[in-house]
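The values are calculated or read from the model by the stated rules, or taken from the named source; none is laboratory data. On a predicted model such as this, the values are computed, not experimentally measured, just so you know. Every residue, glycine as well, gets a Cβ built from its backbone with ideal geometry; the counts of neighbours run over all protein chains shown.
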């Protein structure tokens, strides 16, 4: 690759989208009260520029329907291929311009973000519809204040990483035996916070929480997650029954669109010492704005693959900072751990200035398929030191899991484990 | 067709989806502050059952991206083809079962809905996430009360139809000369309510409202529509400047997802005598619930092609009735007038019992392509007397406007009016 960059060699020459699916439903990995058979999947995008450089991105899906996401990306690709990357990013301001220069390759994402000047950062955010909660000027002020003590935090991050909790022991489809085994495993690994799925059967939930509290005791942290199955009043009543087990938060108690409902639940559960967490299904910054405005959530769970990319997520962090709500990113899925670690580390270093009372979710699935997977040690995400957003798949992962023609899928179709969609005339 | 219906001949044997686009951008028809070059389009679905009977449905789009909607429908088709229609609808309750029996063909939709017993109607609605505003039992009560005086209202509907207003004179891209011509035309046709697009330039808006008020006077009704371009405070300030022209409502003043923002605008504009209208972009019943709960809108604009079909829309009507908010459906687009008339007529006959202070939007575009188009006379939608939801296209409309291979499109590509998407390698 030449170090001299011209307009011509920064032109995007191809944008490829792949449908990758992992058969996680076979072992109930990822199962909860709402999603009983997820096959963790993603639409995986490779953009190549004239110089030969490639960039990778993905969005997380649950299997069926990934082909629609692929189609949407193909449609959008018409706006991308043939463009010069510097031109595309110019409208997002100097932040995205920096990404397109050679310095992109020398920096990890969280560090790149953390090293941007406050003025550069705010220039890449669309503040439309947000001005009654935060203006560009207020955001700038918060970022300027956030610089205080940055060096020290970067060093601490490089040394010990960022704290996380595990959801791995608490899938709803797991037996008590398996839960016990996994809780012990994660205790040994240094974890002090555990999340369990709830919401299908109250009696079972009480028994499961009792079972887990008996293993971990009350000095460890326990969260519960209902994955949207309840009505508003039902959530309040159900959680009143689980309050005895001192959960830190109830996650997704009802519809992810119901700001007023979450506010009502928050108000009712506050005297019981239970907070409300949500955000992984929140569709844009305007809904986040309202959840934060209305004290509808006390833990804001941004997701790296749900709203409009890093730019829009930054606006959520800024609103959360202004309104004093803690951000604890949703992760797991495919590649979510790899991505959100960067965002939360940026927040720690450059905005909130603390990791107190915050965690990144950690789920130990599908990391083996990435070239630079997340590394968790002693219940901390280690700060990535490789360039980029950690979303590049290994070549063999693509060969095996591209859907439906990947080797692993062909083998499973042959064995009858799954049925081949190509046999359906509507698969195109 | 046989009158004896067996399980076998009620099987769905095909589901076809077409991408139909009309080049409305050529004359700025449909232009507003947010959408400056819409090509009114739709994904058009034909379902055929074993007996040979066909059913048609559509969803409205603005051109680009229709192929994604088509893809999504193709994916969903796997759940439909091969099913027996009676089995599919069983889970939606007896309402949908009725649709699948032969009686479907003897009734127009609004009359079919109006003739269902309250118990049948509520059984087809998903009340999930709504119970803190309306329960199934409360809905049943409202529907039972709604039966009072039904016969009389059916007769009135058949006689004079349902009142409407026009948006046709007020597209933002139109010149004063064209606006003047169209306002006069619709006054002659008996219209007493007019909607204008606003939001691009305050000075221009003031001039345009003054211009139109000079023609129609102050005894006619004027509404304005900003198509989501403002911040919350900006909407309040802008409308304070337009209040002198006595608009009945401001439609879509800000983000369609901002319940709390709309509530703030409503509160500020109430003393000025201006109401807030929204709903055409509202994504589901949970958001509608909050808009209605929070007095964020005083006119609820359901759309027939945006949320989950008739079933979900019925739940919005029921919540609006309970909370005393008037429903004034959004229409226009492609086929929206044809569909929403049925819903609003059902509401009049069977639920709210009045059309006072309510209108259906009317836009005179793309009706000529339908086999049974909407008929408007003396500013009233005449009650449809033909079977079904009025969504069947004429054969020649399909031949001409199927995208991109329709005759009209091929002709426009040849003349260079539009560019052919098939020349792009990412069109598949």
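Going residue by residue through the range B:278-292, is there one that turns out to be free of Cβ contacts under 8 Å to residues at least 40 places away in the same chain, more than 20 Å from residue A:283 (Cβ to Cβ) and buried (at least 24 other Cβ atoms within 10 Å of the Cβ)?
Within the range B:278-292, none of the residues are free of Cβ contacts under 8 Å to residues at least 40 places away in the same chain, more than 20 Å from residue A:283 (Cβ to Cβ) and buried (at least 24 other Cβ atoms within 10 Å of the Cβ).
Inspect the range B:122-134 for any residue being outside any loop (DSSP other than H, G, I, E, B), at pLDDT below 95 and more than 14 Å from every other protein chain (Cβ to nearest Cβ) and give the result as yes or no.
Yes, the range B:122-134 contains a residue that is outside any loop (DSSP other than H, G, I, E, B), at pLDDT below 95 and more than 14 Å from every other protein chain (Cβ to nearest Cβ).
Name the residue, out of A:376, A:334, A:340, that is crowded, with 20+ Cβ neighbours inside 10 Å and without any contact (Cβ under 8 Å) to a residue 40 or more places away in the chain.
A:340
When you check residue B:268 against the structure, is it on the phi < 0 side of the Ramachandran plot and in contact with a helix residue (DSSP H, G or I) (Cβ under 7 Å, 6 or more places away or on another chain), yes or no?
It is true that residue B:268 is on the phi < 0 side of the Ramachandran plot and in contact with a helix residue (DSSP H, G or I) (Cβ under 7 Å, 6 or more places away or on another chain).
Out of the residues in the range B:41-52 that are part of a loop (DSSP other than H, G, I, E, B) and in contact with a helix residue (DSSP H, G or I) (Cβ under 8 Å, 6 or more places away or on another chain), state the one that is farthest from residue A:76 (Cα to Cα).
If we take residues in the range B:41-52 being part of a loop (DSSP other than H, G, I, E, B) and in contact with a helix residue (DSSP H, G or I) (Cβ under 8 Å, 6 or more places away or on another chain), then B:51 is farthest from residue A:76 (Cα to Cα).
Any residue at all in the range A:86-94 that's modelled with pLDDT under 85, in contact with a strand residue (DSSP E or B) (Cβ under 7 Å, 6 or more places away or on another chain) and not in a helix (DSSP H, G or I)?
No; the residues of the range A:86-94 include none that is modelled with pLDDT under 85, in contact with a strand residue (DSSP E or B) (Cβ under 7 Å, 6 or more places away or on another chain) and not in a helix (DSSP H, G or I).
Have a look at B:99, B:116, B:143, B:112 and point out the one that is modelled with pLDDT of 80 or more, surrounded by 15 or more Cβ atoms within 10 Å (Cβ to Cβ) and under 22 Å from the mean Cα position of the chain (by Cα).
B:112
Can you find a residue that is at pLDDT below 95 and within 14 Å of another protein chain (Cβ to nearest Cβ) anywhere in the range A:287-298?
The answer is no; no qualifying residue exists.
It is to be established whether one or more residues within the range A:63-76 are away from chain B (no Cβ under 14 Å), modelled with pLDDT of 75 or more and touching a helix residue (DSSP H, G or I) at 6+ places or on another chain (Cβ under 6 Å).
Checking the range A:63-76: not a single residue is away from chain B (no Cβ under 14 Å), modelled with pLDDT of 75 or more and touching a helix residue (DSSP H, G or I) at 6+ places or on another chain (Cβ under 6 Å).
Residue B:211 passes all but one of (1) at negative phi; (2) more than 14 Å from chain A (Cβ to nearest Cβ); (3) not in a helix (DSSP H, G or I); which number fails?
(3)
Quick check on residue A:262: is it touching a helix residue (DSSP H, G or I) at 6+ places or on another chain (Cβ under 9 Å), within 20 Å of residue A:197 (Cβ to Cβ) and away from every other protein chain (no Cβ under 13 Å)?
Judged against the criteria, residue A:262 is not a match.
Which condition does residue A:390 not pass, out of (1) touching a strand residue (DSSP E or B) at 6+ places or on another chain (Cβ under 8 Å); (2) surrounded by fewer than 20 Cβ atoms within 10 Å (Cβ to Cβ); (3) at positive phi, if it passes all the others?
Looking at each condition in turn, residue A:390 falls short on (2).
Condition test on residue A:241, is it farther than 28 Å from residue A:315 by Cα and within 9 Å of another protein chain (Cβ to nearest Cβ)?
Answer is no for this residue.
Against the condition at negative phi and touching a strand residue (DSSP E or B) at 6+ places or on another chain (Cβ under 7 Å), how does residue B:334 come out, does it pass?
Against the criterion (at negative phi and touching a strand residue (DSSP E or B) at 6+ places or on another chain (Cβ under 7 Å)), residue B:334 qualifies.
Regarding the range B:184-195, can at least one residue be identified that is part of a strand (DSSP E or B) and surrounded by fewer than 23 Cβ atoms within 10 Å (Cβ to Cβ)?
yes
Tell me, which residue of the range A:299-310 that is at pLDDT 95 or above and not in a loop (DSSP other than H, G, I, E, B) is nearest to residue A:257 (Cα to Cα)?
A:300
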